[in-house]
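Heads up: the structure comes next, in structure tokens.
The values are calculated or read from the model by the stated rules, or taken from the named source; none is laboratory data. Small disclaimer: the values here were computed from a predicted structure and weren't measured. Neighbour counts run over all protein chains shown; Cβ positions are idealised from the backbone, glycine included. Ligands, DNA and RNA are stripped out before the accessible areas are found, and what is left, the full protein with its side chains, is counted by its heavy atoms. Shrake-Rupley method; radii C 1.70, N 1.55, O 1.52, S 1.80 Å.
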Amino acid sequence: MNPRALTPVLRVVNRCLHLLVAGLLALAAVRALAGGGPGAPGVLLAAVGFGAVYAAGPLTPAVGRRRGATALWLAAVGAVWLVLLVLTKDALWLAFPLYFVELHLLPRRPALAAVLATALAAGGAFALHQGAVQPAAFIGPVLGAAVATATVLGYQALYRESEERRRLIDELTAARADLAAADHAAGVLAERERLAREIHDTLAQGLSSIQLLLRAAERALPADPEAAGRHVRVAREAAQDNLAEARRFVRALAPPVLDDLPLAGALERLCATAADRYGLPVHFTLSGDAVPLPAAYEPALVRVAQSALANAAQHAGAGRVEVTLSYMGSEVALDVVDDGAGFDPAAVPAGRGSAAGGDTGGFGLAAMRARMHALGGTLTVESAAGRGTAVAAQLAVPADTAVPAAGGRVPVEDRP
């Protein structure tokens, strides 16, 4: 009966069991002394001996831990109890707490055998003191043994179920922690991808255009100061635009071109800025009636157009670019078509390459696709060597804002 091996509930039961044994021993001793019979001193001595042997169990660390020590202690308690049982029938009541002790300390089969032996000993002693063997002498001890056995086995079953639930809760807690860690890792990766897309479509493209403009100014400076000044002015404007982009990028806001313009107006201004910055004719066309779009759609389409225009100018060697925004009832589409060198989209490794112009060392194509896929849309790239490039981004318009299309989408083959 090692207290350190007990649950809190069993510790309380254990203390109550000790008190019950002490009370029943005191009752047997008091009744023997009150009766004043010749066997009273023997009963008192046997009661003291039983109490001493019983108290030795909780005070011995080996009892409850080692089977040999536990069996030896139970045998000693049973032997002293049998002596007391022979001397007084009041010792019969001690059988009930002994049932619990045996069921708690012994494995199931030896415990059931010990309980049965204790019940038979109690019934036999009662019959001995009554002077006659009657069924009633065994019914009480056997019923007590049955109640004690049912109580202990029921508690053990509940304890096992509680431990199983505790184990499942621990596993659930661990799984929740793993899921939280996985969600955190996924969030970190998603944020890294977002940063990469934003940097590519804003700062990287802007710095690249500034570099091209400054190179053009450097080449034109000796012979044509006016042209050089124009290139420097455009480069300065590009730097200002990129500074604004960087500030909004840090605050995760929409592109500045959308601050005071609708999507069509923002794309038209973007085309004009690109034409001025790259010296490349860019024509914008609006098809269909504009409808309200979800907040994330407009920045994504502007970024796709921004990236495609930059690649068409910087990598494709295009002479002309057509940008078309089409509202087609249940869909909105953005097409950027150039007449540049073109490339083989199948030859671009996954996760790399720009769209228009085929910059196979860049991030544009992957970034544009990621933007569209994040919104449930699609991005299609059609290109071939010497035949230009067409980038088509499509997004589904929510049903509550979609209206019948007033115009059609210009086929890709009819564009430059």
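Would you mind finding the one in THR401, THR378 that is modelled with pLDDT of 85 or more, open to solvent by 20 Å² or more (accessible area, probe 1.4 Å) and β-branched (Val, Ile, Thr)? That would be THR378, the only listed residue that is modelled with pLDDT of 85 or more, open to solvent by 20 Å² or more (accessible area, probe 1.4 Å) and β-branched (Val, Ile, Thr).
For ALA220, state whether it is modelled with pLDDT under 75, buried (at least 17 other Cβ atoms within 10 Å of the Cβ) and within 26 Å of MET368 (Cβ to Cβ). Walk me through how you get there before you give the answer.
Details: modelled with pLDDT under 75: yes; buried (at least 17 other Cβ atoms within 10 Å of the Cβ): yes; within 26 Å of MET368 (Cβ to Cβ): no.
Considered against the rule, which asks whether it is modelled with pLDDT under 75, buried (at least 17 other Cβ atoms within 10 Å of the Cβ) and within 26 Å of MET368 (Cβ to Cβ), ALA220 comes out as no.
Condition check for VAL77 on (1) within 23 Å of LEU10 (Cα to Cα); (2) of a type in the set (A, V, I, L, M, F, W, C); (3) touching a Pro at 6+ places or on another chain (Cβ under 9 Å): one failure, at (3). Can you tell me which residues in the range 370-392 are more than 22 Å from ALA295 (Cβ to Cβ) and polar (S, T, N, Q)? If the condition is that a residue be more than 22 Å from ALA295 (Cβ to Cβ) and polar (S, T, N, Q), then THR380, SER383, THR389 are the ones that fit. Filtering the range 286-310 to residues that are outside any helix (DSSP H, G or I) and among the acidic types (Asp, Glu) leaves only ASP289. For the range 125-155, the tally of residues that are over 15 Å from PHE96 (Cβ atoms), at pLDDT below 85 and open to solvent by less than 60 Å² (accessible area, probe 1.4 Å) stands at 3. Being of a type outside the set (D, E, K, R) and either surrounded by fewer than 16 Cβ atoms within 10 Å (Cβ to Cβ) or free of Cβ contacts under 8 Å to residues at least 24 places away in the same chain (or both) is not true of ALA119. When the residues of the range 57-99 are filtered to those that are free of Cβ contacts under 8 Å to residues at least 60 places away in the same chain and of a type in the set (D, E, K, R), the one that is least open to solvent (accessible area, probe 1.4 Å) is LYS89.
Hey, among ARG176, ARG166, which residue is within 34 Å of the chain's Cα centre (by Cα) and closer than 30 Å to ARG15 by Cβ? Answer to the check: ARG166.
A single member of LEU82, LEU72, LEU24 is at negative phi and at pLDDT below 90, and it is LEU24. Residue pairs whose Cβ atoms lie under 7 Å apart, sitting 6 or more positions apart in sequence or on different chains, and linking a residue in the range 330-347 that is under 15 Å from ARG369 (Cα atoms) to a partner that is among the polar types (S, T, N, Q), are ALA333/SER326; ALA333/GLN394; ASP335/THR324; PRO345/SER383.
ALA46 - would you say it is open to solvent by less than 20 Å² (accessible area, probe 1.4 Å) and over 24 Å from ALA148 (Cα atoms)?
Working: open to solvent by less than 20 Å² (accessible area, probe 1.4 Å): yes; over 24 Å from ALA148 (Cα atoms): yes.
The answer is yes for ALA46.
Within the range 384-397, track down each residue that is in a strand (DSSP E or B), open to solvent by less than 30 Å² (accessible area, probe 1.4 Å) and of a type outside the set (A, V, I, L, M). Step through it out loud before you land on a result.
At the first step, the residues of the range 384-397 found to be in a strand (DSSP E or B) are 389-396.
Subset that is open to solvent by less than 30 Å² (accessible area, probe 1.4 Å): 389-393, 395.
Across the range 384-397, the qualifying residue is only THR389.
Condition first: more than 30 Å from ALA305 (Cα to Cα) and either part of a helix (DSSP H, G or I) or under 14 Å from the mean Cα position of the chain (by Cα) (or both). Can you find one or more residues in the range 186-193 that meet it?
Taking the range 186-193 first, the residues more than 30 Å from ALA305 (Cα to Cα) are none.
Taking every residue of the range 186-193 in turn, none turns out to be more than 30 Å from ALA305 (Cα to Cα) and either part of a helix (DSSP H, G or I) or under 14 Å from the mean Cα position of the chain (by Cα) (or both).
When you check ALA113 against the structure, is it outside any helix (DSSP H, G or I) and either of a type outside the set (Asp, Glu) or surrounded by 14 or more Cβ atoms within 10 Å (Cβ to Cβ) (or both), yes or no? Before you say what the answer is, go through the steps one by one.
Numbers: outside any helix (DSSP H, G or I): no; either of a type outside the set (Asp, Glu) or surrounded by 14 or more Cβ atoms within 10 Å (Cβ to Cβ) (or both): yes.
Criteria not met by ALA113.
Step by step: first the residues of the range 259-314, then only those that are modelled with pLDDT under 85 and among the acidic types (Asp, Glu), then the one that is least open to solvent (accessible area, probe 1.4 Å). Which residue is that? Here the answer is ASP276.
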